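Have a look at the structure below, then the notes.
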Number of protein chains: 2
Amino acid sequence: MNALFRPRTAIAAAILLALAAPAASAASSEAQQEANRKAVLAFYEKGLNQKDADAALAYVGDRYVQHNPNAADGSEGFRKFIAFLRDKFPNSHSEIKRSFVDGDHVILHVHAVREPGTRGTAIVDIFKLENGKIVEHWDVAQPIPENPANGNTMF
Amino acid sequence: MNALFRPRTAIAAAILLALAAPAASAASSEAQQEANRKAVLAFYEKGLNQKDADAALAYVGDRYVQHNPNAADGSEGFRKFIAFLRDKFPNSHSEIKRSFVDGDHVILHVHAVREPGTRGTAIVDIFKLENGKIVEHWDVAQPIPENPANGNTMF
């Protein structure tokens with residue numbers, strides 16, 4: 001009877017493996033995406049809010065390709081930007097309104113206020129990660145206007 | 001012998017179902033996300049490039065909550081914006097550089113040029129969808145500067 005069981009068992013095992021593989025892969029991908037999101041959120045908090053460039057750069061990989069047209073390239077450019085914030089806008093704060101993850105990319109929708117009490121700026125940041133580390137950054141920033149054409153806010 | 005097979009078969013079937021469910025759900029979610037991306041890309045092409053508000057609004061649901069501070073709320077605000085583009089900037093063109101999808105949200109990174117030959121504007125659009133239709137829109141826009149601090153472009 002055991003001999004008769006084996007083929008069916010083998011077929012069932014093969015089907016189980018075939019089904020388990022994509023599920024496991026999806027779970028692993030999901031876990032990596034959440035790890036990417038956490039890395040970017042930590043980078044942002046350490047850098048933009050705590051203004052600790054070294055702590056932020058722990059989340060950066062072997063390069064930091066900068067597309068923000070006001071910042072110099074690389075991690076040295078990031079250090080300079082954080083030093084500028086610490087010096088000129090020590091009370092600046094960036095509030096992350098929502099975050100998105102798609103594979104190797106993490107996207108943040110941010111309300112940045114340099115001087116407390118001012119309207120501030122709407123920003124979207126896009127980060128690319130490799131092996132869980134940030135390697136590239138793009139952003140777009142727009143001052144929040146005084147008289148918007150609708151009552152929904154920019155967020 | 002068949003009677004002896006049944007429990008094992010039942011257990012195998014139960015395991016198969018348990019494993020198949022997340023895989024099928026992931027595939028369905030993946031398909032919905034790709035459908036969301038396609039809907040947003042079509043909306044953008046019909047609206048911003050072909051300047052056909054009616055064709056674009058076919059991808060919009062029962063509401064269009066507008067967070068762009070320069071546009072009136074709702075689909076009527078969108079119609080006015082497209083009419084403005086058609087009238088003032090008939091040759092304007094928006095090139096989608098990259099798109100991202102996270103669940104119900106689709107994010108576009110766009111290079112918009114109102115007058116051909118000018119540097120144009122970097123934009124990130126965020127769309128929220130419900131049941132495959134667009135229901136909410138945020139964006140952030142920044143003119144591309146003449147002399148960027150790095151050579152990587154804003155894209």
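The values are calculated or read from the model by the stated rules, or taken from the named source; none is laboratory data. Only a predicted model underlies this, so the values are computations on that prediction, with no experimental measurement involved. Neighbour counts are summed over all protein chains in view; Cβ atoms, including those assigned to glycine, are modelled from backbone coordinates with ideal geometry. With ligands, DNA and RNA removed, areas are computed over all heavy atoms of the protein, side chains included. Shrake-Rupley method; radii C 1.70, N 1.55, O 1.52, S 1.80 Å.
Between the alpha-carbon centres of region A:40-57 and region B:110-155 there is a gap of 26 Å. Plainly put, the tip 7 Å out from Cα toward Cβ on B:E115 is 3.3 nm from that tip on each other copy, the closest given first.
With a Förster radius of 45 Å, plug the Cβ-Cβ distance of A:R63 and B:N70 into 1/(1 + (r/R0)^6) and report the FRET value to the nearest 0.05.
Working: r = 36 Å, r/R0 = 0.81.
Calculated value: 0.80.
Between chains A and B, what is the buried accessible area in Å², counting both sides, with a 1.4 Å probe and ligands, DNA and RNA left out, to the nearest 100?
3900
I need the per residue convex hull volume for region B:34-143, using only the alpha carbons, in cubic angstrom as a whole number.
On the way: hull volume 9.6 nm³, N = 110.
Dividing the Cα hull volume of region B:34-143 by its residues yields 88 Å³.
For the peptide B:105-112, the mean number of other protein chain Cβ atoms found within 10 angstrom of a residue's Cβ is 3. Dipole size of region A:34-143 about its Cα centre, with +1 on Lys/Arg Cβ and -1 on Asp/Glu Cβ: approximately 340 debye, rounded to the nearest 20.
All other residues with a Cβ under 14 Å from the Cβ of B:I144 taken together, and with Lys, Arg as +1 and Asp, Glu as -1, what is their net charge? Summing Lys and Arg as +1 and Asp and Glu as -1 gives -1.
For A:K51, a cut-off of 30 angstrom between C-alpha atoms picks up these lysines, skipping any fewer than 8 places away in its own chain: A:K38, A:K80, A:K88, A:K97, A:K128, A:K133.
How many Cβ atoms of partner chains, on average, are near each residue of B:119-125 if near means within 10 Å of its Cβ?
On the way: counts 0, 0, 2, 7, 3, 12, 2.
Mean shielding count: 4.
3J(HN,Hα) couplings calculated from phi for region B:131-144 with the Karplus curve 6.51 cos²θ - 1.76 cosθ + 1.60 (θ = phi - 60°) are, in sequence order, 6, x, 10, 6, 10, 7, 9, 10, 7, 9, 10, 9, x, 6 Hz; Gly and Pro show x.
With a probe of 1.4 Å, find how much accessible area region A:34-143 has per residue, and write the answer as a whole number in Å². All intermediate terms of the calculation are to be shown ahead of the outcome.
Working: 4900 Å² over 110 residues.
On a per-residue basis, 45 Å².
In the assembly of identical copies, B:F84 has its label point, taken 7 Å from Cα in the direction of the beta carbon, separated from the corresponding points by 3.0 nm (ascending, one decimal).
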